[in-house]
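The values are calculated or read from the model by the stated rules, or taken from the named source; none is laboratory data. What you see is a predicted model, and the numbers here were worked out from it, not measured in a lab. Don't worry about glycine lacking a Cβ; one is built from the backbone with ideal geometry, like all the others, and counts go over all protein chains shown. Please note that ligands, DNA and RNA were not included when accessible areas were found on the heavy atoms of the full protein model with its side chains. Shrake-Rupley method; radii C 1.70, N 1.55, O 1.52, S 1.80 Å.
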Amino acid sequence: MRVVILPTEKEASHFAADFIEKFITEKNNSILGLATGSSVLLTYAALIEKYNRGDISFKKVITFNLDEYIGLEPNHKQSYRYYMSQKLFGHIDINENNIHIPECLHGDFESTCRYYESKIKNYGGIDLQLLGVGSNGHIGFNEPTSSLKSRTRVKTLTKNTIINNARFFDESESQPSIAITMGIGTIMEAKNILLLGLGQHKSKAVADLVEGPLSSFCPGSVLQNHENAIVVLDQLAASSLKLYDYYIHSEKMNVEYMC
Ligand code: GLP
């Protein structure tokens with residue numbers, strides 16, 4: 001696992017955006033797995049800037065979002081579909097037909113999940129999966145004790161996640177407690193994974209994920225088993241890492257070696 005520590009959340013997010021830009025530039029029909037939440041906001045803003053400067057085009061990019069709440073209308077302000085259109089898709093040249101987000105309003109959710117999996121497979125799998133991490137170590141909505149081989153499915157959210165995400169909902173709004181999420185097995189099939197961890201409140205989850213035992217109790221720790229996983233952190237999120245100095249030194253060596 002490559003661990004990149006940068007001084008601020010802005011620098012970490014710009015690193016992630018540059019990484020994604022390089023990917024899309026090398027393969028303009030890349031399949032991207034996308035995340036929602038606060039951690040990826042500055043990365044999306046940086047991608048929009050790149051698009052506005054003419055550095056990057058999303059015309060041929062295909063996207064699959066990690067998860068969606070069950071029961072929210074697509075135009076509900078807290079739905080992840082709405083989030084994606086506000087924070088990224090509405091500002092770039094992506095083709096509507098290339099956007100995939102689990103359909104979570106009506107219907108047979110089991111078939112929806114199977115269909116989502118088959119769609120990803122039919123496109124040849126995800127080239128680059130972007131992830132955030134919950135303060136309990138979840139990735140997507142794969143809560144602690146999720147099977148490390150799980151596939152896209154309906155998942156009940158923990159109290160911790162509901163409380164953490166309550167900040168996005170008005171008091172009068174009812175907050176969903178179930179969601180559809182790509183499984184951990186699904187995420188692990190992505191050819192490359194970039195996880196962003198920002199802020200002091202993520203430092204424990206990050207330490208468990210990077211240096212703790214591989215355990216379903218910290219779902220993100222499964223990335224230790226991925227061949228091409230990169231964890232991008234700001235200093236605060238990295239502050240509980242035991243090998244902090246080593247990661248900084250190792251990145252410096254990488255840069256010198258590659259130049
Ligand atoms: C949320 C989302 C995840 C996100 C994570 C961290 O509940 N389901 O996709 O990565 O938790 O969220 P944030 O970045 O807002 O801390």
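The table below lists the values:
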item: Qualifying positions in segment 164-198 - away from the ligand (no atom under 13 Å from the Cβ), assigned to a loop (DSSP other than H, G, I, E, B) and under 16 Å from Ile126 (Cβ atoms); result: Gly183, Glu189, Ala190, Lys191
item: Residue list for segment 143-178, restricted to those being more than 25 Å from Thr112 (Cα to Cα) and in contact (Cβ under 8 Å) with a residue 60 or more places away in the chain; result: Phe168, Phe169, Glu173
item: Cross-chain or 6+ apart pairs with Cβ under 6 Å, segment 215-237 first and over 11 Å from Met188 (Cβ atoms), then acidic (Asp, Glu) and surrounded by 17 or more Cβ atoms within 10 Å (Cβ to Cβ); result: Cys218/Asp208; Asp234/Glu9
item: Residue within segment 204-223 that is closer than 30 Å to Glu73 by Cα and assigned to a strand (DSSP E or B) present; result: no
item: Condition broken by Gln78, with the remaining ones in (1) over 25 Å from Ala237 (Cα atoms); (2) modelled with pLDDT of 95 or more; (3) in contact with an Asp or Glu (Cβ under 9 Å, 6 or more places away or on another chain) satisfied; result: (2)
item: Test: residue in segment 95-111 that is touching a residue at least 24 places away in the same chain (Cβ under 8 Å), assigned to a strand (DSSP E or B) and within 14 Å of Leu32 (Cα to Cα); result: yes
item: Ser216, sole failed condition from (1) modelled with pLDDT of 95 or more; (2) within 18 Å of Lys10 (Cβ to Cβ); (3) not β-branched (Val, Ile, Thr); result: (2)
item: Some residue of segment 211-218 being within 16 Å of the ligand (Cβ to nearest atom), within 23 Å of Lys155 (Cα to Cα) and buried (at least 20 other Cβ atoms within 10 Å of the Cβ); result: yes
item: Selection count where residues are open to solvent by 20 Å² or more (accessible area, probe 1.4 Å), within 15 Å of Asp208 (Cβ to Cβ) and either more than 10 Å from the ligand (Cβ to nearest atom) or among the charged types (D, E, K, R) (or both), scope segment 124-157; result: 3
item: Verdict on Ser174 being buried (at least 16 other Cβ atoms within 10 Å of the Cβ) and among the polar types (S, T, N, Q); result: no
item: Criterion: in contact with a Lys or Arg (Cβ under 7 Å, 6 or more places away or on another chain) and surrounded by fewer than 24 Cβ atoms within 10 Å (Cβ to Cβ) - qualifying residue of Gly199, Gly185; result: Gly185
item: Any hit, segment 233-254, residues being open to solvent by less than 20 Å² (accessible area, probe 1.4 Å), assigned to a helix (DSSP H, G or I) and within 16 Å of the ligand (Cβ to nearest atom); result: no
item: Options Glu73, Glu96, Glu68; residue that is within 16 Å of the ligand (Cβ to nearest atom), of a type in the set (Asp, Glu) and within 30 Å of Leu157 (Cα to Cα); result: Glu68
